[in-house]
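Below is one structure, written out as structure tokens, with a few remarks after it.
Just so you know, all these numbers are worked out from the coordinates, no wet-lab data involved. As the structure is a computational prediction, the values presented were derived from the model and not from experiment. Virtual Cβ from ideal backbone geometry, glycine too; neighbours counted across all protein chains shown.
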Amino acid sequence: MKRLKKKKQNAGFGVNENGASTREQDYGRKQKLAEIHQALISDPVDIETLRRTAASKGGLLTDELRRKVWPKLLNINVYDLPHKPGRNVREDHKDYNQVVLDVRRSMKRFPKGMPALERTVLQDQLIDIILQVLKRNPQLHYYQGYHDVAVTLLLVAGERMAIAMLDTLSKFHLRDFMDPTMDSTKHILNYLMPILEQVDPELHDFMIRSEVGTIFALSWLITWYGHVLSEFKHTLRLYDFFLASHPLMPIYLAATIVLHREKEVKQTECDMAMVHHLLSRIPQDLPYDLLIAQSLQLFSQYPPSLLAKRAALQSRKSLSISTFHAFQLSTLHQRPDSVLQRLTKAQGSTTSRHASQRSGLEAALPGGRGQLWGKGNRMVKMAVWGLSATLGAAVFAVAQTAMDWGPDMLLQLF
Amino acid sequence: MNCISREETCTDGTWLHGLTAVDWEGLFRGKHRECSDSSGTFRERSDFTVSQSGDDPAQAHSRFPGSARLGPAAAPRPVCRCVCVCVCGMAVSGSSVEFPGSLTSSSLPPPRTRIFKIIVIGDSGVGKTCLTYRFCAGKFPEKTEATIGVDFRERLVDIDGESIKIQLWDTAGQERFRKSMVQHYYRNVHAVVFVYDVTNAASFRSLPAWIEECKQHALGTEVPRILVGNKCDLQDSVQVGTDVAQQFADAHSMPLFETSAKNPNSPGGGSCGNSDHVEAIFMTVAHKLKSQKPLVLSQPPGGSGGTINLSRVMNDRGEGNTGWGCSSC
């Protein structure tokens, strides 16, 4: 099962390659793994390298690495994670009903073969995570699509780390979407057309004439494409990229995707419905590595400040954009996990002691000598433990599934 | 690059010409006349259901108190011509297209095909996506997710020998989307479908807000509007009674439909609605629009012309016209 999965994953960025270049890629992959590893144990953590590798070909490669790198990209100490939400997290929250409604029907976001029971456990955690973050930040408002972001974090990093990451993302990258109204979101969407205008005026004019607007890209932006991609590996690839990028990067990618489909768009009837329909259905086989590289290029060629000037975008204050610089600065002085573990322990904080011990199992070994279960997704473990009490035989099946979508071992790749 | 401007297919001004359409008013005249008489209203409503679903009336009407009183005798009551035409038309030549990826294929109708744009609104989770999918794809979707922003579905139907494109705009239910995002899609809408969930009283209580929302986008009484109570297959958890809903619909001069987007063939499902019912809801709207809209297609909007038409129509209504809208809303 596992080998099969790896094959698939390799295929993700080795498409249509012959044997020689596959070997070359394997080599590149190993080199990249070593580079990420080195960046993680540097003191302070080499955040620039982590950002670069997250955006470069193949992204962060494995979920195992994502669990180590994503927290660094967001300046999170994995030895001092928030506690699991208590029972009262669901009480008296204005968004409770909406969150439950959206999470309950988000079945597509979970791996296909996952047993229903396991999925239900994760869905419950997802509700708790979202409500926990909203309760911690009363200034934030839930939006439909927020759950698509949360589920991605949960599936990769487990409950407590997902809370920490979602909390940070909500205060920075996603902040504009969480205002009481969507006006700020609309403002962010307004960056899309000026990019197109710079690159392909003809396409831009066509779209203006069609009156298509920019709502076709709304779900791309506010879910970081998690809502529209059916392959989880593609979502992960993009999350690597966005976690390491400017909050406007999803818009640059949207522009890149529209430009990539330029011919299709121009051949469509110049009508709002037709163009909206064409663009809102995102092709599932897009060349993500290529598009990401192009987005980066567009970003450096037409940075947000330039667009804002040229396109006379209203000088609305975007919290995500205005706080980004400070956020980036805050990530520059992170200690590697081994040091963090020691420091957190030394602090002897009674509140986080339990956390240290537990996540220590999973994150303390940057050398990659972990065993699958030790490094596995905590949620899956919990689900399995819960099950084992009642369904002896079912444990095997669940474990199998967990292995199936569990992390690849770093060790194997060296 | 065949660029057809919106005005050629659907102009705000031109289609108002035919507002006093006979078919549609014939269909609802009874209901309007009996606005204050709830039991009479039910009878009218029951007839309507019979003609649409073609189902066993005893089964089809179990949710309507009026029909319960009428019993099997409801079956032979006169069937509305309009709806009958709908169903027949569909049976013969209704072509269902769920609108796959390629839009530019040769199967596209000629550019002069009339397009009816219908916006579907209502609270989150009431089943807007299921209803529109049911109509356009002909089946109940297995899994639907929250709609973010606006989704678009389309189907080509044949009405009285004319090929007509029905465009359904499926909108996000969450309030924050409707405030600043969905606006764009209210423009040039030909009809509005309000949806609530019969098992969720809150979704019914939100309807005045949705109606107000429509008004704010200049979609007033002149635009055909219908009210759909969805999920009526979940009989055990009904929270919004037909009588209350009917009163509300009457007060706002809208026809009420109770239905279930779910396939009635599933065990325990749908004793009141079925696939034909969902079909009939949208087809009925399409018929209404067809009878309203003039056949002239490429007439320019003509600036002030539209305004004049509008005011004339409103005057007509003021004089006791029993059109779609009514001054009470």
Worksheet entry | Pairs beyond 26 Å (Cα-Cα), from A:LYS72/A:LYS94; B:LYS128/B:LYS215; A:LYS72/A:LYS345; A:LYS32/A:LYS68 | A:LYS72/A:LYS94
Response to the item:
Fewest-first ordering of B:LYS215, A:LYS263 by Cβ atoms within 10 Å yields A:LYS263, B:LYS215
Worksheet item: Between A:LEU101, A:PRO82, A:LEU126, whose Cα lies farthest towards the positive end of the dipole of segment A:74-130 when Lys and Arg beta carbons carry +1 and Asp and Glu beta carbons carry -1, centred on the Cα centre?
Response: A:LEU101
Discussion item. Taking 25 Å as R0, compute the FRET efficiency from the Cβ-Cβ separation of A:GLU202 and A:GLN301 and round it to 0.05.
Written reply: 0.85
Worksheet, complete the sentence: For the pair A:GLN284 and A:THR323, the simple spin-label estimate (label points 7 Å beyond Cα toward Cβ) gives in nm 3.6
Practice prompt. Express in nm, to one decimal, how much length is gained between A:SER230 and A:ASP124 on full extension, taking 0.36 nm for each residue of separation and deducting their alpha carbon distance.
Written response: 36.0 nm
Worksheet item: Does a label point 7 Å from the Cα of A:GLN139, set along Cα-to-beta-carbon, have any residues of segment A:168-209 with amide nitrogen under 18 Å, and which are they?
Response: A:168-185
Discussion item. Quick check on the exposure proxy: order A:VAL69, B:VAL198 from fewest to most C-beta atoms within 10 angstrom.
Written reply: A:VAL69, B:VAL198
Worksheet entry | Positive-end residue of A:PRO201, A:LEU229, A:PHE216, charge dipole of segment A:191-234 with Cβ unit charges | A:LEU229
Worksheet item: In the structure displayed, which of A:LYS84/A:LYS108; A:LYS30/A:LYS57; A:LYS30/A:LYS233; B:LYS139/B:LYS231 lie more than 21 Å apart, Cα to Cα?
Response: A:LYS84/A:LYS108
Worksheet, complete the sentence: Rounded to 0.05, the calculated FRET efficiency for the beta carbons of B:ASN188 and A:GLU262 at R₀ = 22 Å is 0.25
Worksheet entry | Nitroxide proxy distance, nm - points 7 Å out along Cα→Cβ at B:SER237 and B:ARG112 | 5.1
Worksheet item: According to a simple spin-label model (label point 7 Å from Cα along Cα-to-Cβ), what is the distance in nm between A:ALA34 and A:MET107?
Response: 4.7
